[in-house]
Amino acid sequence: MSGAPSLAACLHSLRAVVFDTDGVITDSARMHAAAWKGAFDPCLAAVGGQRPFDPVDDYLRHVDGLSRQDGAAAFLRARGLDLPLGTPDDAPGTDTVGAVAARKDALFTASLRTDAVTTWPGTVRLLGVLRDQGVPCAAVSASRHATELLSAADVLGLFQAVVDGNEARRMDLPGKPDPALFVEAARRLGVPARDTAVVEDALAGVEAGRRGGFGLVVGVDRTAGPYRATALRRRGADVVVTDPGELLTSGEGG
């Protein structure tokens, strides 16, 4: 018979783990991507000659892991659309970067009322083992909805700290690839970055983990494709897995 699950060797010397939320803990990246498509496509249609926003490729390349404002600016810039910056308080629309970001948020908020929030089972298994072994964990997200998502998915109690978009705005923390969100999460856990692992699926997040001097940066590639895994390693991932559950062993062999 297999033994109880235990942590993979790469985690043995670490004292805390910080997890990204969307795409790592919750299966909510698809909801964000759909909301971005609803926000960007009217802008693209208005200028003509532009292909629609791709909820897989464009999402991963341009907005994954970024704040709403930064993600909107990055994608529009990549498509050559020079909209005024506006402010984060702009009403939803298509005339400023802030308005596009606000439209995305309105669409995502609406989807939360109709779509169930699910978790990735492998991540939940890993969190359970970390809890049993007394390893504190934090969740991080650029989204201001992260705490709501974790609560709706019934996993909020597995984390000793959450640093979401609301906290980032309150504390004026820069977004990924700056490591400020991860550093703040480690600070709240009371563990130095060098003794903390980061588990992240976004390229900007992996880069943030590397720039923050974290002891281990785990890249999560749910596409299972060679391009994404290579890109994660180039940004600084020490280990790339298709699911965080791969960081568990069967416990056989001592």
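Just a few scattered comments:
- Dipole magnitude for the chain: about 340 debye, using +1 per Lys or Arg Cβ and -1 per Asp or Glu Cβ, origin at the Cα centre.
- Here the chain carries DSSP beta bridges of which approximately 15% are antiparallel, counting only pairs with both residues inside.
- Over the chain: helical MRE at 222 nm, DSSP H runs n ≥ 4 each giving -39500 (n - 2.57), nearest 500: -12000 deg cm²/dmol
- Calculated FRET value between M171 and S250, using beta carbons and R₀ = 41 Å, to 0.05: 0.50
- Dipole of segment 30-112 [Lys/Arg +1, Asp/Glu -1 at C-beta], most positive-end residue of S111, A99, G71: S111
- You can think of it this way: the chain between V47 and D95 has 16.1 nm of extra reach, that is 0.36 nm per residue less the Cα-Cα gap.
- Relative to the longest principal axis of the Cα atoms of the chain, the long axis of helix 180-189 makes an angle of roughly 40 degrees.
- Between 0 and 90°, nearest 10: helix 121-132 axis offset from the chain longest Cα axis: 50 degrees
- A crude spin-label estimate for the pair R79 and A106, with each label 7 Å from Cα along the Cβ direction, gives 1.7 nm.
- Across the options L149, A208, G23, the greatest Cα extent toward the positive end of the charge dipole of the chain (unit charges at beta carbon of Lys, Arg, Asp, Glu) belongs to A208.
Values in this text are rule-based calculations from the coordinates and carry no lab data. This one's a predicted model, so the numbers in the text were calculated from it and none came from an experiment. Note that each Cβ is placed from the backbone with ideal geometry, even for glycine, and that neighbours are counted across all protein chains shown.
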